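Only one structure is covered here, and it is reproduced in the block below.
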Amino acid sequence: MTLRQFFLFGFVLYAACKNSSHSPATKPAPAEAHHYIPVNGYLLDEIHNADSLPIGFEKLVTVGDKTDSSYVTTAVFDIFSRQFLCKELELPGFEEAYFESTFLDETTNTINFNYEARDSTSSLQRVDVIFNQQKGTNRISSVYMEKVEHAGDTLILKKMLWRTRTSCQVIASKRIAHFPERTKVEKLVWGSEN
């Protein structure tokens, strides 16, 4: 369904609901439930897919202006990828704890679903799910997340990106009181990043 069809359907539904009348003794029919994208399910599928590939994972670690690379096992990939799975993304809690907004980006031919935490103290603050529209199909091309972790006087901000069937990356900025911020970029690659 294109975004234009989606908005047309929404407008027709709105007009139909606005024009209907309910007597005080009649309860309106419950609205069709709106479902958020099952991000954890998508990520689990991606992890299982990568685990099944008979390949190694290239790991790139950048601190400052120095980058080291190595190849790692599936076990290392599994440990690294677990940080993308968040209890906040589990349904139905996800729907209750996050606001959803959607927009169509005609320049990139993508549909963007943005989720913002209702609670500013939540560790998972933001999730962006990008659908790529190619040849009449919609498929997730990436998931971006922002997490905040506190440990004593240390604040860690994680900006995390999962690219479908290709790579995952975590940029962790660590802030300790009275010390300069330190940033570390870790990326695992297993597919072609065209």
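The values are calculated or read from the model by the stated rules, or taken from the named source; none is laboratory data. All values reported here derive from a predicted model rather than from experimental measurement. Please note: Cβ atoms are built from the backbone with ideal geometry, for glycine as well, and neighbour counts cover all protein chains shown.
The table for this structure:
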| item | result |
| --- | --- |
| Residue list for the range 103-118, filter: acidic (Asp, Glu) and assigned to a strand (DSSP E or B) | ASP105, GLU116 |
| Of residues in the range 40-55 being farther than 20 Å from ARG139 by Cα and without any contact (Cβ under 8 Å) to a residue 24 or more places away in the chain, the one surrounded by the most Cβ atoms within 10 Å (Cβ to Cβ) | SER52 |
| Residue within the range 127-146 that is of a type in the set (D, E, K, R), over 27 Å from GLY191 (Cβ atoms) and in contact with a strand residue (DSSP E or B) (Cβ under 8 Å, 6 or more places away or on another chain) present | no |
| Filter result (under 20 Å from ASN132 (Cα atoms) and of a type in the set (Val, Ile, Thr)) within the range 162-188 | THR164, THR166 |
| Selection count, the range 152-172, where residues are closer than 15 Å to LEU124 by Cα and without any contact (Cβ under 8 Å) to a residue 40 or more places away in the chain | 7 |
| Residues of the range 121-152 satisfying the condition of being of a type outside the set (Val, Ile, Thr) and more than 19 Å from ALA172 (Cα to Cα) | PHE131, ASN132, GLN133, GLN134, LYS135, GLY136, ASN138, ARG139, SER141 |
| Residue in the range 119-137 that is modelled with pLDDT under 95, part of a strand (DSSP E or B) and either in contact with a Phe, Trp or Tyr (Cβ under 6 Å, 6 or more places away or on another chain) or over 27 Å from TYR36 (Cα atoms) (or both) present | no |
| All positions within the range 150-172 that are surrounded by fewer than 14 Cβ atoms within 10 Å (Cβ to Cβ) and in a strand (DSSP E or B) | HIS150, ALA151, THR154 |
| Exclusive hit being modelled with pLDDT under 90 and not in a helix (DSSP H, G or I), set LYS18, LYS27 | LYS27 |
| Matching residues in the range 81-109 - criterion: being closer than 15 Å to TRP162 by Cβ and either crowded, with 18+ Cβ neighbours inside 10 Å or modelled with pLDDT under 90 (or both) | SER81, PHE84, CYS86, LEU89 |
